[in-house]
Structures are given as structure tokens and as C-alpha cells.
Number of protein chains: 2
Amino acid sequence: MTGRADAEALDAADPIAAVRARFALPRGVVYLGGNSLGALGTRTGAKVAETVEREWGDGLVSSWNDAGWWDRPLALGDRIGRLVGASAGQIAVCDSTSLNIYKAVGAALQLAPDRRVVVAERDCFPTDRYVLEGLGSTLGDLELRLAGPEPGELAAAIDDSVAAVLVNHVDYRSARRLDVRALTVRAHGHGAVAIVDLAHSAGAIEVALDDWGVDFAVGCTYKYLNGGPGSPAFIYVARRHHDHVSQPLSGWHGHARPFAFTTAYEPAPGVRRFVCGTPPIVAYAALDAALDVWDGVDVLAAFEKGQALVDLLVSLVDERCPELEVASPRDRALRGSHVALRHVHAHSIVRELATRHVVGDVREPDVVRLGLAPLYLRFTDVLVAVDALRDVLDHEPWRNSTSDPRPTVT
Amino acid sequence: MTGRADAEALDAADPIAAVRARFALPRGVVYLGGNSLGALGTRTGAKVAETVEREWGDGLVSSWNDAGWWDRPLALGDRIGRLVGASAGQIAVCDSTSLNIYKAVGAALQLAPDRRVVVAERDCFPTDRYVLEGLGSTLGDLELRLAGPEPGELAAAIDDSVAAVLVNHVDYRSARRLDVRALTVRAHGHGAVAIVDLAHSAGAIEVALDDWGVDFAVGCTYKYLNGGPGSPAFIYVARRHHDHVSQPLSGWHGHARPFAFTTAYEPAPGVRRFVCGTPPIVAYAALDAALDVWDGVDVLAAFEKGQALVDLLVSLVDERCPELEVASPRDRALRGSHVALRHVHAHSIVRELATRHVVGDVREPDVVRLGLAPLYLRFTDVLVAVDALRDVLDHEPWRNSTSDPRPTVT
């Protein structure tokens, strides 16, 4: 059996253990919801206050130039680039993940004007489909081809009629990780572009956008990047497309000369053209502070720790909570940094865990989802969480429960 | 001649003079850039900090429900509704103005599937055209019919082929105000929908969306609503359309049951379906605090004061700065709350004004633009601004200047 001594030894050997002190976690809480909303950094509030009081309050409109607001979408993008394997100038931070999917797929369709088929996963995060549905209603002739969840089935769906393949690197529910490099090779072999959604992988596991050769990527900054609730998303556009790519949500902050107020849209060079309206400067400050947390952190060591946390959780659940089915892959190479545990009373289990100060969430219909954010979790936290799980299961509180709580937001 | 005594008398009689104390304006600055970026409220920083430290830091993911984050887009919308004549449940705060234009025009085209013509102003704010261009490239068959700036020419462009008419209530450069009610009647008479952009009017002059009968409106919260740099925009959808309207940027936060994770998009009831991705909670906090400033303020008295400030500025410029051409309408009913002053050396004048602690901006090629935000400006501030203008003109510094500064953001 794995015990406290084992967990303490892992914490003692953790090369990034000190990073936890950069977070303002509530005392006594084991927070396994970081795959849904990341934790607050200790310096985030001060940076936000600086932006609000000094840059906005004192600098007022001149801060657009004097404080570098204008450059922030790409400056933040470059900071994220280090975490997802993208060299400078290919990522813009702007809008939401949903909107950036719209832009990326729209751009892909404009790159291949004679193709109208988009391949996506049958079990993709639902907003992907909602976005594709909306884009399809606008285009009129978009064909959505759903495949998977088996990677082989996804690959088989890609043929010479396909304009774009949109996949989630890590599945929001099961944590299943796709081989994006292989799918990209397959897509390119058929003249299609590859788009990957990094919502559940950026900041949690290794991502190598340039190396994989994907064409577009989108991602979320409020999960493992700890940018705060509803913090702006990002979009990556491979440099080889920069000269000729266009996207449907053209707005003045993506214009080459926004203050010339020209009547025709002239896209800015590079990924800047994927910015649309005026970007959220106060939200950028929170994200900037959140990215400071990574300063001096060995990124690969962090990802390695995340996988070790997952391994520990899985082995403890196997040993001590056999009522729960581990519904995530056991192979590190095939999974992200959260764990799906299946149980018919998932809602009640998560509610009862919360009363024991262990925070996770539920995905319909029966998945207890626990996120293992490497920057601020300890191996002993995992032990505490499984102790709580065992305690909940022993008391089977759902036998007397008549209602389930409203699920929280991913 | 109008003098200090007159301005002081106007300040003494100002029924909302006390509201100025709710703003943290830099000492000694006359800020006439509030039509570009509104000023910071004294309590905004604290509300943002509360959201960051308490709601996010302590509450973590449970704040989506416990702190009411989920309801914020519409709760904030209702607060704005009071300022723009919209009864509850018709405004959502989300995304940028540019994106909300895309949604509104996209929705209008879906309401009239057999029509492909959109009428817009020849001199509209440029992002309107950039957005229409992007939407057109997606739709494939959108016809953009430009007209104006004369209202008669705009009205004449509306015929039975038109799906939607998109107008700016107040022109960003000249401050020309359109009769939106009349244009709406004209549009409806031809089976078209009316969309109005309130960027330069919401919070500055009277807006009566329900009363005018417009179908959609969009607006900006970082100008006269003081929501902060890049604060989220809003969209109004008239209640009569709620049951059947759809819009192209469908995302999971506009879904009827976002946590059911259904594969098909089911739009939420009402204007909620115009929300797309996860909304910016920290930015919402700043906007919420900015709207608190309006508590107990007689809105019509504020708008009346704005017009009186404009009157004073125009009369002082006429008297004392004849080199400047007043390029805004002189009739209150035909203008917004800023003033365009034309001069070939507009850039240099604005730069020199700034060295005298008077902040305005430039619009190409030759417009000095001065915003008169009623909540925090005094009549004596206008006098100080015109003193500075006269001083700048007397010293004609541009004779020795070889370059112009980069313009600031609207």
C-alpha cells in the first residue's frame, strides 16, 4: 500500500515544490479544480491593482502607448509560447477559446476555398460543435464530419475533401491525449490543415506546436495557466501562413494601421490580424502576473510532476477505492493532467468531497473529475484527497440525498 | 465674453457636481479623453480586488455559482439598460463591440434569409466596415450599401432589398447624432431591421432603445460608462425577437444547458444566447463598480449637463480661438457629447495641450477631439482647457515640430 511516507518522500524530492508558495490557496483546501479554474497567484492582485490605479487611473488614455497596452496581445502570446513550444510572434492573446476556434476554422476554410468538410471529434468539448454549427449556419455549406473517439477512426475520416481537422489535445472528460503530430501528418498528407485546442493541456503537459507542425492552435488561460475567471484565450497561427491567411472576425485591433481609419480592412502583419476588437487590458494584467509564476520554473519538470501526481492518485484509487472506475488512460503518453473516476453517484461524491475541503467537479453523467495542477499541488494533497474519497464512500451519503448540486464550470 | 465667473456659476448650479468626487482623476489634469477611455472610479480598485482575492482566490471554481458569476452578463446588462432606455432582460454584456456587431448583423440576416443587403454609413467607425467585410467573406454574398453622411441619403438607401441598417448613433469624429427613431421607422417600413451602435452615446446622451423600437443595439463600456480599458461591450436584442432569433457566434455560455454538454446547440432563452465563450469576470468587476457611480444620479440631468459643457466649450472656442473650426453640430439635438475642432496642425495642438495637462485626442487627418463626460467634468475645467488651447495657438509650436505623435486609441 502507498502511504504517507511515500507521499512525503515525493514532496521532499519535488524540484518545483517551492513554486506552491507563489499561490494564494485557501488554507486547508485541497484544490483539484485547477483544470477548470486555476488558482490565484500571490502577486496577481498587486499587478491588477497597478494596472487599474496607475496605468488606467493615472495614465488614462495615454497608457495605450505609454504602458504598452497596444503590444500586450502579442507580448503575452510570446510568454505563453514558451509553455507550448511556439517561437515568438505566432500567438495572440485575445477573445475566448470559442471565438478563436471560429477564427481558426474560418481561416482554414479560406485557405482551402474548394473544400467544405471539417473533421472534428464526436466527443469534442461541446462548444467546438456549437461554434462549428454557428460557422456552418453562416457559411451555408459547411459539412461537419464527426469521428472518434478512437484516434484511428479520426485519422480514417481525413481524406482529400477535408479542409480542416479540429481536435482537442486532451479530452475534457476522460483526459485522453491525442497524438497531434501524427494527426497533423495525416491531415497535411491530404491537403488539410490541423487545428488543435489546448484548453486541457497548455500549462499541464508538454505541447510542441512548432515541432508538431500544426497550422493553428487555440487555448484557454484560466485553467492550468491561472489567468483568472474568463481570462482571455489565445490563438497560434504557424508562421508559414502569416503572409496570406485571413480570418472572418476582422476588427480594428487586427488592422495594419488602426488609426488611419481606412475604409477597407488591411490585415496587420502576422498573428496580430487575429485580434478583433479592443482587448481586455485589466484581464491581461491578471494573466501577466499568472505567467510570472513560471519564471525560473523548469517547464518539463513541472509537467513530469503533474504526471507523477496523476500516477499517485490512480494507484491510490486502485488500492483504496475500488468502487471507482479509473476512466482515464493509465499510460502517461496517452493522458493529460486530470483524472476521470466513474461512479453512478458522481454528483454526490463531489458534493461530499467539498464538505471535506477537497474540491473537484463532475462531468455528466457519472464522472468525478480531479485536476492535478503541478505548480501548486503536493503529493501529500493527493493522499488527503483519497482519504476524503474513502471517507465519502464509506459513509455513502447519497443514500439519503434527494438532489444533486448544479455542476460547476469547466 | 464668457469668463471665470460664468463657469463658476454653472458649477455652483450643477445638480450632479458631487459625482465628480466618485472618480480618481489625476490631480491638475483636465481630462477630455473620456469619450475614448473613461476615468477610474474611486471604488473600482477595491471591487476588482474583492473579485480577485475573495471570489477567485478564496471561492475558486465554486464562485461560478456562489458569487453569481454565471448571471453577470445579464445582471450587468440590466444595469446598463437603465442608462439606454431598455427594460430588463434585453442586454447582455460580453465580448467586444466589433464582435457584437458581427452577431447583430448575422442575426439580422438570419431573420431575413432572402435579403443580402446591409446599409451602413459611408463614414461609420471603421471597425463596422471591417466586421461587415469579414462577415461578407464568410457569407459569400453580402452586399454592403454605403450611404450618408446625410441622414436623407441614408434613408434613401433603404429599400425592400435591405436586411439590416447599421448606424452609429453618434459619429466618432464629428459627434453628429442621428435620429435613430426615424431611421428605424424607415427600416421597418421596408421590412429591414435597425441596428444602432451606441459607442459614443451610451452614458453621454439620451438613448431610448425600447421607445425607438430598434431591433439590435451594441455599445461600448469603456468610454462614458467608465468600465476600464477594453472592458466588455454590450448587445441589446429587442424582446420581440427573443423566441426565434439566432446568431452566428454560438458558444457554450449562450447554450440553454451548458453543463448538459449536449452535442447540438440549444440557444438559451432570450438575449443570453448572444453570449459566446466564458465571459471576463475580473473585467466585469471593474464595470460593475463603474456602474455604481450612477447610483442616485439623475441620468437626464447628467446628459443635460454634458450638453451644457459642450455649449460652453463651443462658445468659448468661437470667442477666443477663431483659428479652430467647430466641426460638430451646434444644435444639441443633432450632436453627442464631444466636440470636433478642425485645424491643419491638430496633432501638434493635442500634443501641446497634453504638456499643459489638458488631455484630448486626434482623429485623422485634422480633428482635435475633446470629450465632455458629464459625470466628472466641471464647467471651470472647460475654461481651463480653452485657456490652454489659446496658449498653444499663441505659441504655434508646430512651426518647429517635424513629427507628430502616434494617435491614441478611441
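The values are calculated or read from the model by the stated rules, or taken from the named source; none is laboratory data. Source: prediction; values computed, not measured. Reconstructed Cβ throughout: ideal geometry from the backbone, glycine too, with neighbour counts over all protein chains shown. Accessible surface is based on the protein model in full, side chains and every heavy atom, while ligands, DNA and RNA are left aside. Shrake-Rupley method; radii C 1.70, N 1.55, O 1.52, S 1.80 Å.
What you get for segment B:206-269, charging only the Cβ of Lys and Arg (+1) and of Asp and Glu (-1), is a dipole of about 220 debye around the Cα centre.
Close amide H contacts of B:Glu143 (hydrogens built in the peptide plane, cut-off under 5 Å, sequence separation of 5 or more or a different chain): B:Val117, B:Val118. Taking only the Cα atoms of segment B:222-275, the ratio Rg/Rh comes out at 1.07, with Rh defined as the Kirkwood radius. Rounded to the nearest 500, the 222 nm mean residue ellipticity of chain B from helices alone is -10500 deg cm²/dmol, with -39,500 (n - 2.57) taken per DSSP H run of at least 4 residues. What net charge is computed for the residues neighbouring A:Pro126, neighbours being all others with C-beta under 14 Å from the C-beta of A:Pro126, Lys and Arg scored +1, Asp and Glu -1? Result for the local shell: -3. Under a Cβ-Cβ cut-off of 11 Å, what is the net charge of the residues other than B:Glu55 that fall near it, where Lys and Arg count +1 and Asp and Glu count -1? Charge balance in the 11 Å sphere: -1. Over segment B:322-372, the fraction of Cα-Cα pairs per 5 Å bin, rounded to whole percents and listed from the shortest bin up, is 5, 23, 28, 25, 13, 5, 1. If both residues of a DSSP beta bridge must be in the protein assembly as shown, then about 50% of such bridges are antiparallel. Between the C-alpha center of segment A:54-80 and that of segment B:14-90 there is a gap of 20 Å. Normalised by residue number, the volume inside the convex hull of the Cα atoms of segment A:123-209 is 93 Å³ per residue. Computed from the alpha carbon positions, the gyration tensor of segment B:78-229 leads to an equivalent ellipsoid with semi-axes of 23, 16, 15 Å, biggest first. Just need log10 I(q)/I(0) for segment A:259-339 at q = 0.13, 0.19, 0.24 Å⁻¹, Debye formula, equal scatterers on the alpha-carbon atoms, no solvent, rounded to two decimals. Debye intensities relative to I(0), on a log10 scale: -0.72, -0.93, -1.11.
Burial annotation for segment A:216-238: residues with an accessible-area loss of at least 10 Å² between the isolated chain and the complete set of protein chains, computed on heavy atoms with a 1.4 Å probe, are A:Tyr222, A:Gly228, A:Pro229, A:Gly230.
How compact is segment A:281-410 by the rule of thumb for globular proteins, expressed as Cα Rg over 2.2 N^0.38 Å? All intermediate terms of the calculation are to be shown ahead of the outcome.
Numbers: Rg = 16.1 Å, N = 130, 2.2 N^0.38 = 14.0 Å.
Against the compact-globule rule of thumb, the ratio is 1.15.
Non-local lysine pairs in the protein assembly as shown, meaning eight or more places apart or on different chains, with alpha-carbon distances under 30 Å, amount to 14.
Two tests apply to each whole DSSP H helix in chain B, Cα reach of 27 Å or more along its axis and mean Kyte-Doolittle hydropathy of at least 0.0, and the ones passing both are B:299-320. With the Kirkwood sum run over all distinct C-alpha pairs, chain A has a hydrodynamic radius of 22.1 Å.
The spread of Cα positions in segment B:1-128, taken along each principal axis and listed from longest to shortest, comes to 62, 50, 27 Å.
Where does the charge balance sit around B:Val297 when Lys and Arg score +1, Asp and Glu -1, over other residues with C-beta under 13 Å from its C-beta? Each step should come with its number before you reach the end.
Values: positive: B:Arg20, B:Arg22, B:Arg79, B:Arg82, B:Lys305; negative: B:Asp14, B:Asp292, B:Asp295, B:Asp298, B:Glu304.
Once all neighbours under 13 Å are counted, the net charge is 0.
Computed about its Cα centre, the charge dipole of segment B:104-192 is approximately 220 debye, with only Lys, Arg, Asp and Glu carrying charge at their Cβ. Sorted into 5 angstrom bins from 0, the C-alpha pair distances of segment A:188-307 split as 2, 10, 16, 18, 19, 17, 10, 6, 2, 1, 0 percent. If you take the Cα centroid of segment B:298-357 and the Cα centroid of segment A:141-198, the two points sit 57 Å apart. Shown here are the Rg and Dmax of the Cα trace of segment A:155-203, at 11.1, 34 Å. DSSP beta bridges fully contained in chain B are about 50 percent antiparallel.
Pairwise alpha-carbon distances in the protein assembly as shown exceed 45 Å for 26% of all pairs.
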